Amino acid sequence: MTVCVEGFLEEVGPQVTGWAWLPADPARRLRLSLLLDGGSGSVLRFDTLADRHRGDLQSAGKGDGRCGFAFTVPAAFAAHEHDVDVRLPDFPGIRLSGAPRRAIPVLGPVTLRAVHPAQDDAERLSGFLAGMARLQGGSAAAVPDAETIRSWLATPGYGSGYGRAERGWLMAERNGRIVGHCRIGPDWPAEPGTGGLALGIELHPDVRSHGLGHALMRAAEDWATGRGARLELAVLPHNARALALYRKLGYTDLGPVAHPATGEVHRHMARPLPPRGTPRSAVVTLVL
Ligand SMILES: CC(C)(COP(=O)(O)OP(=O)(O)OC[C@H]1O[C@@H](n2cnc3c(N)ncnc32)[C@H](O)[C@@H]1OP(=O)(O)O)[C@@H](O)C(=O)NCCC(=O)NCCS
């Protein structure tokens, strides 16, 4: 029998938060085992209950909304990088969606660079995108494979007259692993022939809120300088973190725009690029 447990591991770090709920038995409070692995051979196990009331979960139809959890990690442990897994002891073999994660108190050195089509970057990027899709509880079927990434990079753009390739894919690497990416090219929501280049950014949840999104957006701007007139993006209205970042970087709101495939209404934002400068696409290593 397949057990359908809904839930998600949301935050790791000083607090581990999320929710877990069994639609088939909506009033049941699920038991969770938190496994914290600091890498020294010993794994700490803490048991907790997903029984905290959360208005957002109730509004989303998750029973009476008493299915959240928030666990405070012992301070000495939380100060160091560690892995976090969440299991459901009453359902052996089941792991909470969104797990495992890594709690990273200090990001340290991160390298930002453009994907190189002639190296194995495209394979690695495709693998990263597939991992992100699975982490979010989705399927990796729609993720572009390495060949699709290479041919997207090689496809000519609008021919905006800037005389340089209009497609770039930047990636952020930490300890040799891709932890984020940013795609820039002649796509929705930019209109063909207007000089606008669309930008899409995504970081692994383990490395968010360390300033890396800000740094990657700046690197994208450097890459796009001299290749287009403007960077444009579409953001969902409830994505508070992304909206805060874009506003801070000087993006202005151009109004609502519906996604061509899903119809979902986004906010269309844009920021002008410096006029006809020279792109700066060198490898950048940051310490965050
Ligand atoms: C959006 C995203 C790229 C931002 O990157 P990030 O590294 O988390 O953001 P940064 O740490 O650079 O923070 C940038 C600003 O966002 C805001 N911010 C950071 N964490 C936040 C949070 N948890 N909630 C609300 N705002 C937050 C702050 O204003 C911050 O500026 P500050 O320096 O004044 O604190 C990243 O969170 C991400 O990949 N999210 C999931 C994918 C996504 O939403 N992509 C955008 C689609 S349009």
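Read the figures in this text as sums done on the coordinates, not as results from a lab. Everything numeric in this text was worked out from a predicted model, so none of it was measured. Here the Cβ is made from the backbone with ideal geometry for all residues, glycine too, and neighbour counts use every protein chain on show.
So how long is each side of region 6-103 along the principal axes, counting just the alpha-carbon atoms, biggest first, in Å?
Cα extents, longest axis first: 40, 26, 18 Å.
Rounded to the nearest 20 Debye, what is the dipole magnitude of region 82-199 about its Cα centre when Lys and Arg each give +1 and Asp and Glu each give -1 at the C-beta? Write down the numbers at each step before the final one.
Numbers: 13 positive and 12 negative charges, 59 e Å.
So the magnitude is around 280 debye.
Quick query: amide H of A172 versus all other amide H atoms, modeled in the peptide plane; which residues come in under 5 Å with a sequence gap of 5 or more or a different chain?
V179, G180, H181
Tell me which of G176, P260, A219 sits at the most positive position along the dipole axis of region 109-287, charges placed on C-beta atoms (Lys, Arg +1; Asp, Glu -1).
Farthest along the dipole direction, towards plus: A219.
Applying the Karplus parametrisation 6.51 cos²θ - 1.76 cosθ + 1.60 with θ = phi - 60° to the phi angles of region 192-209, what ³J(HN,Hα) value in whole Hz is obtained for each residue in order, glycine and proline being reported as x?
x, x, 9, x, x, 10, 7, 10, x, 10, 7, 10, 4, x, 5, 10, 7, 6
With only Lys, Arg, Asp and Glu charged, each at its Cβ (+1 for the first two, -1 for the last two), find how big the charge dipole of region 6-103 is about the Cα centre; round to the nearest 20 debye.
Here region 6-103 has a charge dipole of around 160 debye.
Using 5 Å bins from zero, what percent of all Cα-Cα pairs in region 81-233 falls into each bin?
Per 5 Å bin, starting at zero, the Cα-Cα P(r) for region 81-233 comes out as 2, 9, 16, 18, 19, 15, 9, 5, 3, 2, 1, 0, 0 percent.
Once amide H atoms are built 1.01 Å from N in the peptide plane, which residues 5 or more positions from D51, or in another chain, come under 5 Å H to H?
G68
With +1 on the Cβ of every Lys and Arg and -1 on the Cβ of every Asp and Glu, and nothing else charged, how large is the dipole of region 109-287 about its Cα centre, in debye rounded to the nearest 20?
540 debye
Choose one of H80, G63, V43: the residue whose Cα lies farthest towards the positive end of the charge dipole of region 6-103 (beta-carbon charges +1 Lys, Arg; -1 Asp, Glu; about the Cα centre).
The residue sitting farthest along the positive end of the dipole is G63.
Tell me, what does the Kirkwood hydrodynamic radius of the chain come to in angstroms if you use every pair of distinct C-alpha atoms?
On the way: mean 1/r = 0.0478 Å⁻¹.
Evaluated over the chain, this radius sits at 20.9 Å.
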